[in-house]
Amino acid sequence: MISMNKVSKQYGSFHVLTDCTTQVQKGEVIVVCGPSGSGKSTLIKCVNGLEPFQSGEIIVNGVSVGDPRTNLSKLRSTVGMVFQNFELFPHMSIIDNLGIAQTKVLGRSQEQAREKGFKLLDRVGLREQAEKYPGQLSGGQQQRVAIARALAMDPICMLFDEPTSALDPEMVNEVLDVMTELAQEGMTMMCVTHEMGFAKRVASRVIFMDQGRIVEDDSKEAFFEHARSERAQQFLAKILHH
Amino acid sequence: MAYNWNWGVFLQPTATGGDETYLGWMFYGFKMTIALSLSAWLIALAVGAVVGVLRTVPNKWLSGFATAYVEVFRNIPLLVQLFLWYFVIPELLPEKVGNAFKQTNPILQQFLASMVCLALFTSARVAEQVRSGINSLPPGQKNAGLAMGFTLPQTYRYVMLPMAVRLIVPPLTSEFLNIFKNSAVCSTIGLLELAAQGRQLVDYTAQPYESFIAVTIAYLLINVVVMFGMRWVEGHVRVPGYIGGK
């Protein structure tokens, strides 16, 4: 589904990503973790072309992301993305947030879009909030709406960029629950997250990054029980033992 | 003070004959100021929006052009720009066009030159507001739009501009008020707008106090209406749950 081959990116002489290579099969849930500044977010933003990269190749569903002839908008409409700060459109009601891209990008009718929107709001438990505005919802609710908004496009895979990092602790679980459910239904997912509980529950594989390199890329069992690199061991010790 | 107040002066027939009164002159100037400022404002909004957006696009030729535009129109005094548009530009136009311009009704010539001058001067300022509005949006909004599959123009149209425009309503109000005040400069090329009529009234009646008090009140009246209008707009586009919203 997603294949990365020796992806590198630099700002001037600073290497943000160096030779990142990995594959994501259909239905896999990949958790990407690592210390801040290690390039995790940049890596998944490269997948849908929000971040350009200088060398290497990323193929999503048979389409090369880096190829200048690729219709990036079309590619992006098939890849759902959820951001750290939700990024709902504040001037639109919740149901319009879910509908706008369906009508303007996929060409669905207003009614189809609303119907789909209501169905997805039901699924994330927010049907009653449909006519409210993003600013009137809690962070956890906004993030669930953001997930529903991405799903409204019927994506072939989903990218999550630290979806719970900006949330109050008590709201983290409502978002993780939605993500877990999604994973169990077989959605292909790449999640940058520090929620190791989530990784242990649903991840197929864990990618650990440090200084722009993929240091570990292994099954979750192997990663949590005997991470090979010292850097990953330190990381795990810090985030698991408190 | 030995000044003879005479508010009745406005109802007197003008010294130039005919059945017009001085109040009629004032009213003519009032209408001219409004017509000039409103037409210039509409152009300024349209041009300013486009230039402001161009300043933020990731294409260095387009954003470079927009930057140059803003700097040119913002950094030349309004009065100098007006003289350029009225005296210089018609000479630089292709002869046919220039002559056609010079043969039209002189009032129309003054009006057109004033309108273009005010519009472009103000458009540079509007462009700066639009740019700052766009730049003050959270950077993730653009990515969110693109990630949904919107093209860059669609992202501007559906995601960034609707919020940016809401954010800049208050500073745009100042620009809207400014254009009415700046229109007084156009009296220097002979356009008989409100300020010019005020001065003309002094020349004909020797009643400067009444005349300029009337002019002052007329400008205040216009700006009070603009202010309330813009406040209404501001309330109307308010986003629930957002800064300043309910």
Residue in the stretch A:203-215 that is buried (at least 22 other Cβ atoms within 10 Å of the Cβ), aromatic (Phe, Trp, Tyr) and within 21 Å of A:Ala146 (Cβ to Cβ) present: no
So which of B:Val80, B:Val57 ends up being under 28 Å from A:Pro52 (Cβ atoms) and more than 15 Å from the chain's Cα centre (by Cα)? B:Val57
When (1) open to solvent by 70 Å² or more (accessible area, probe 1.4 Å); (2) within 30 Å of A:Asn5 (Cβ to Cβ) are applied to A:Val65, the one that fails is (1)
Do the conditions hold for A:Gly34, that is, is it at positive phi and either open to solvent by 10 Å² or more (accessible area, probe 1.4 Å) or of a type in the set (A, V, I, L, M) (or both)? no
Going through the stretch A:159-192 in order, the residues found to be open to solvent by 30 Å² or more (accessible area, probe 1.4 Å), part of a loop (DSSP other than H, G, I, E, B) and over 14 Å from A:Ile147 (Cα atoms) are A:Ser165, A:Ala166, A:Asp168, A:Glu185, A:Gly186
Among the listed residues B:Leu108, B:Leu120, which satisfies the condition of being farther than 20 Å from B:Leu62 by Cβ and either modelled with pLDDT of 95 or more or away from chain A (no Cβ under 14 Å) (or both)? B:Leu108
Quick one: is B:Gln207 in contact (Cβ under 8 Å) with a residue 40 or more places away in the chain and touching a Phe, Trp or Tyr at 6+ places or on another chain (Cβ under 7 Å)? no
Residue count, the stretch A:5-31 (criterion: closer than 17 Å to A:Phe160 by Cβ and either open to solvent by less than 10 Å² (accessible area, probe 1.4 Å) or in a strand (DSSP E or B) (or both)): 5
Every residue in the stretch B:204-246 that is of a type in the set (Phe, Trp, Tyr) and either in contact with a Ser or Thr (Cβ under 9 Å, 6 or more places away or on another chain) or within 14 Å of chain A (Cβ to nearest Cβ) (or both), please. B:Tyr204, B:Tyr219, B:Tyr242
Among the residues of the stretch B:85-99, are any open to solvent by 70 Å² or more (accessible area, probe 1.4 Å), of a type in the set (S, T, N, Q) and assigned to a helix (DSSP H, G or I)? no
Answer yes or no: is there a residue in the stretch A:54-62 that is open to solvent by less than 10 Å² (accessible area, probe 1.4 Å) and part of a strand (DSSP E or B). yes
Out of curiosity, is B:Lys142 more than 14 Å from every other protein chain (Cβ to nearest Cβ) and in a helix (DSSP H, G or I)? no
Some residue of the stretch A:46-53 being more than 14 Å from chain B (Cβ to nearest Cβ) and open to solvent by 10 Å² or more (accessible area, probe 1.4 Å): yes
Checking B:Ala119 against (1) open to solvent by 50 Å² or more (accessible area, probe 1.4 Å); (2) touching a residue at least 60 places away in the same chain (Cβ under 8 Å), only one condition comes out false. Which one? (1)
Which condition breaks for A:Arg123 when tested against (1) at negative phi; (2) in contact with a strand residue (DSSP E or B) (Cβ under 8 Å, 6 or more places away or on another chain)? (2)
Count - residues of the stretch B:149-166 that are open to solvent by 50 Å² or more (accessible area, probe 1.4 Å) and not in a helix (DSSP H, G or I): 1
Given the stretch A:70-158, what helices (runs of 4 or more DSSP H) lie entirely inside it while holding 3 or more residues that are surrounded by fewer than 24 Cβ atoms within 10 Å (Cβ to Cβ) and within 11 Å of chain B (Cβ to nearest Cβ)? A:72-77, A:94-104
Restricting to the stretch B:168-204, what's the tally of residues that are over 20 Å from the mean Cα position of the chain (by Cα) and crowded, with 18+ Cβ neighbours inside 10 Å? 3
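The values are calculated or read from the model by the stated rules, or taken from the named source; none is laboratory data. Here the structure is a predicted model, which is why all the values come from computation and not from measurement. Quick reminder, even Gly has a Cβ in these numbers, built from the backbone with ideal geometry, and neighbours come from all protein chains shown. The protein model used for the area step is the full one, side chains on, heavy atoms only, and it has no ligands, DNA or RNA in it. Shrake-Rupley method; radii C 1.70, N 1.55, O 1.52, S 1.80 Å.
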